[in-house]
1. Please determine, by comparing only the residues of region 1-28 that are small (Gly, Ala, Ser) and surrounded by fewer than 19 Cβ atoms within 10 Å (Cβ to Cβ), which one is nearest to Val86 (Cα to Cα).
2. Consider Thr83 carefully, then state whether it is touching a residue at least 40 places away in the same chain (Cβ under 8 Å) and either under 20 Å from Asp165 (Cβ atoms) or more than 18 Å from the chain's Cα centre (by Cα) (or both).
3. Looking only at residues that are under 25 Å from Ala124 (Cα atoms) and at pLDDT below 90 in region 163-186, which one is surrounded by the fewest Cβ atoms within 10 Å (Cβ to Cβ)?
4. Considering only region 1-96, give the helices (runs of 4 or more DSSP H) lying wholly within it that have at least 3 residues that are among the charged types (D, E, K, R) and closer than 30 Å to Glu131 by Cα.
5. Would you be able to tell me the number of residues in region 12-41 that are touching a residue at least 60 places away in the same chain (Cβ under 8 Å) and small (Gly, Ala, Ser)?
6. Out of the residues in region 57-79 meeting the condition of being charged (D, E, K, R) and in contact (Cβ under 8 Å) with a residue 40 or more places away in the chain, tell me which one is surrounded by the fewest Cβ atoms within 10 Å (Cβ to Cβ).
7. From (1) among the small types (Gly, Ala, Ser); (2) in contact with a Lys or Arg (Cβ under 8 Å, 6 or more places away or on another chain); (3) at pLDDT 95 or above, pick out the condition that doesn't hold for Ala67.
8. So which residues in region 14-27 are modelled with pLDDT of 90 or more and closer than 16 Å to Arg55 by Cβ?
Amino acid sequence: MDARERILEAAVECLGRGGYAGTTITAVARLAGLSRPSVYAHFGTREQLVSQALRQEAGEVVERVTAQARRASTAADFVVEATIAVRAEFRSRPALAPLAFPERSSPSLGHEAIGPEAMAMARAVLTPLLEYEPSLAEEIDEIAETLIRWTLSLAMFESDLSASDERLRAYLHRRLVPALAPRAGR
C-alpha cells in the first residue's frame, strides 16, 4: 500500500473514532506511520484530506449497496433493499457520520445532508433502478431526495417498525414504495 492509500485509510479510521474533530493531521500521520510533512505533501489541508477520505468511503459504500440491492427482482424490492443496505452502512461505518450528519463535520467541507454530493451518491445508488423501471428516469432526483430523507431518519431513530431488517423491509414496502410510485396520468 502506498503512502497516499495509508493516509486515506488512517483518515477514515480517525473519522470513525473521533469524527471530524478527531481527524487531525497529527493523528492521521501517527496512524499511517508517516510524518506530518508527508501527510501535507499528499493533502494540503485537513479539509482536503477529510473530503477525499469521505469521497473514497462514499464510493465504496455505493458499490456495496448497489451490489446488495441488485439482487432484487423488482424495482420496489431494489429501493427497499438499497434503503436497508444504506442504513446498515451508516450504522456500521462511523466514518460516514460527516456525510449523514453535516453538523459533525467542518462547514468548510461543504457537506450537506441533501447537498450536491449526497444527491450524486444517492443517484449513483439508484441508477440500476432504471433497469427495472425506465419510466422513473424523470423522477430520479425526487426519489433520491426521498430516500436520503428516509434513510437518515432510519439511521438516527429506532422503533418497533425498524427493529429488524425483516420488519423494516415490510414497513418500507407498505409506506415508502407507495410514496415513490410513478405519478399516473402525466
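The values are calculated or read from the model by the stated rules, or taken from the named source; none is laboratory data. It should be emphasised that the depicted structure is a prediction, and the values quoted were computed from it without experimental measurement. As a convention, Cβ positions derive from the backbone with ideal geometry for all residues, glycine included, and neighbour counts pool all protein chains shown.
1. The initial filter retains those residues of region 1-28 that are small (Gly, Ala, Ser), namely 3, 10-11, 16, 18-19, 21-22, 27.
Those left that are additionally surrounded by fewer than 19 Cβ atoms within 10 Å (Cβ to Cβ): 3, 16, 18-19, 21-22, 27.
Details: Ala3: 30, Gly16: 17, Gly18: 21, Gly19: 19, Ala21: 24, Gly22: 24, Ala27: 28 Å.
Once the filter is applied, the top-ranked residue is Gly16.
2. Values: touching a residue at least 40 places away in the same chain (Cβ under 8 Å): yes; either under 20 Å from Asp165 (Cβ atoms) or more than 18 Å from the chain's Cα centre (by Cα) (or both): yes.
When the stated conditions are applied, Thr83 passes them.
3. The qualifying residue surrounded by the fewest Cβ atoms within 10 Å (Cβ to Cβ) is Arg183.
4. Values: elements: 3-18, 25-32, 36-42, 46-69, 75-92.
Those helices (runs of 4 or more DSSP H) span 46-69, 75-92.
5. The qualifying residues number 2.
6. Going through region 57-79, the residues charged (D, E, K, R) turn out to be 57, 60, 63-64, 70-71, 77.
From the residues that got through so far, the ones that are in contact (Cβ under 8 Å) with a residue 40 or more places away in the chain too are 57, 70.
Working: Glu57: 21, Arg70: 14.
Ranking the candidates gives Arg70 first.
7. The single condition Ala67 does not satisfy is (2).
8. We begin by selecting, within region 14-27, every residue modelled with pLDDT of 90 or more; these are 14, 23-27.
Once the filter is applied, which keeps residues that are modelled with pLDDT of 90 or more and closer than 16 Å to Arg55 by Cβ, region 14-27 yields Cys14, Thr23.
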